[in-house]
Amino acid sequence: LGGQLFTEYIFKGAPKPYLYPVLAGDGTELMRHFPMKTDVEGEIRDHPHHRSLWFTHGAVNGVDFWLEADLKKQGQIVNQSVESSVLDGVGEIHSRNRWVGPDGTVHLTDDTVIRVRGLADGSRMLDYEVTLHAPADKPVVFGDTKEGAMAIRVPLWMTPPHSYTVDRQRTKHEGLGTIVNAEGIRNDATWGKRSAWVDYYAPKDGKTYGVAMFDHPKNPRFPTWWHVRSYALFA
């Protein structure tokens, strides 16, 4: 956007497609590098399935497409094709994928359209549209789980104050970030709440950076529930 990298769509080499990196207009990184990079100083290397920015679900016909711990038991989202275009300043990626269980069963397919554009104030917008298709011969059942669906793992500096465990040692992180939803609820209290949008932001080097995620009003069960955590998961 404007000659500067915003993001890349990675559709090979992992159990699901994802966007990495995710950069502000000035190049500031708005995502965690792990597990794509394992040598970034100061990062917490938990939840290796938190791949930058992604879409998946933890219970599709009983198959877990969220975790990556054991691919003999878990599903993979396998890319079939990718096309890209630019029209009137809007970049578009059109991806087709198969959701394949560990036994080779295709539980569903998707058409994913990702549109990116820059705004006049220097911010960047990403529209992530997923259309899910059941096979012709059977329904698809999405289980009731917190593990899904649209998600980003933000960097540690963006988080509110929280505690985490490294090598079995409990550590407190005094972050300067804030989580807030459309109702004005903040930080840990936003978890599990329904809201039209959530904003995750923090100051860095004299500027405020943030990621805001909006549930489209035409989505089923709008407004959605949020699986947003002070340790940097935003889903």
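The values are calculated or read from the model by the stated rules, or taken from the named source; none is laboratory data. Because the structure is a prediction, the values reported are computed rather than measured. Every residue, glycine among them, receives a Cβ derived from its backbone with ideal geometry; neighbour counts consider all protein chains shown. In case anyone asks, the SASA skips ligands and DNA or RNA and just uses the protein heavy atoms, side chains included. Shrake-Rupley method; radii C 1.70, N 1.55, O 1.52, S 1.80 Å.
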Looking at 227, 173, which one is touching a residue at least 12 places away in the same chain (Cβ under 8 Å), within 25 Å of residue 127 (Cβ to Cβ), buried (at least 16 other Cβ atoms within 10 Å of the Cβ) and touching a Leu at 6+ places or on another chain (Cβ under 9 Å)? 227
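From the list 101, 91, 122, 118, which residue is out of contact with any helix residue (DSSP H, G or I) (no Cβ under 7 Å at 6 or more places or on another chain) and within 16 Å of residue 10 (Cβ to Cβ)? Before you say what the answer is, go through the steps one by one.
Working: 101 fails: within 16 Å of residue 10 (Cβ to Cβ); 122 fails: within 16 Å of residue 10 (Cβ to Cβ); 118 fails: within 16 Å of residue 10 (Cβ to Cβ).
Of 101, 91, 122, 118, the one residue that is out of contact with any helix residue (DSSP H, G or I) (no Cβ under 7 Å at 6 or more places or on another chain) and within 16 Å of residue 10 (Cβ to Cβ) is 91.
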Determine whether residue 199 is acidic (Asp, Glu) and more than 17 Å from the chain's Cα centre (by Cα). no
Would a scan of the range 67-80 turn up a residue that is surrounded by fewer than 17 Cβ atoms within 10 Å (Cβ to Cβ), within 18 Å of residue 145 (Cβ to Cβ) and small (Gly, Ala, Ser)? yes
Determine the pairs where a residue that is open to solvent by 40 Å² or more (accessible area, probe 1.4 Å), located within the range 141-153, has a partner that is assigned to a strand (DSSP E or B) and aromatic (Phe, Trp, Tyr) with Cβ atoms under 6 Å apart, the partner being 6 or more residues away or on another chain. 150/55
Given (1) modelled with pLDDT under 95; (2) surrounded by fewer than 11 Cβ atoms within 10 Å (Cβ to Cβ), residue 131 misses just (1)
Enumeration of residues in the range 17-42 that are open to solvent by less than 40 Å² (accessible area, probe 1.4 Å) and in contact with a helix residue (DSSP H, G or I) (Cβ under 8 Å, 6 or more places away or on another chain): 30, 32
Among the aliphatic types (A, V, I, L, M), open to solvent by less than 30 Å² (accessible area, probe 1.4 Å), under 30 Å from residue 103 (Cα atoms) and in a loop (DSSP other than H, G, I, E, B) - does that describe any residue in the range 47-62? yes
State yes or no: is residue 211 open to solvent by less than 40 Å² (accessible area, probe 1.4 Å), out of contact with any Asp or Glu (no Cβ under 8 Å at 6 or more places or on another chain) and in a strand (DSSP E or B)? no
Check whether at least one residue in the range 154-162 is open to solvent by less than 40 Å² (accessible area, probe 1.4 Å), more than 20 Å from residue 53 (Cα to Cα) and either at pLDDT below 95 or in contact with a strand residue (DSSP E or B) (Cβ under 6 Å, 6 or more places away or on another chain) (or both), and report yes or no. yes
Is it true that some residue in the range 90-106 is assigned to a loop (DSSP other than H, G, I, E, B), surrounded by 11 or more Cβ atoms within 10 Å (Cβ to Cβ) and basic (Lys, Arg)? no
Go through (1) out of contact with any Leu (no Cβ under 9 Å at 6 or more places or on another chain); (2) more than 20 Å from residue 24 (Cβ to Cβ); (3) part of a loop (DSSP other than H, G, I, E, B); (4) not β-branched (Val, Ile, Thr) one by one and return the number of the condition residue 84 breaks. (3)
Which residue pairs have Cβ atoms closer than 9 Å, lie 6 or more positions apart in sequence or on different chains, and pair a first residue in the range 44-63 that is over 17 Å from residue 14 (Cα atoms) with a second residue that is open to solvent by less than 20 Å² (accessible area, probe 1.4 Å) and of a type in the set (Lys, Arg)? 44/32
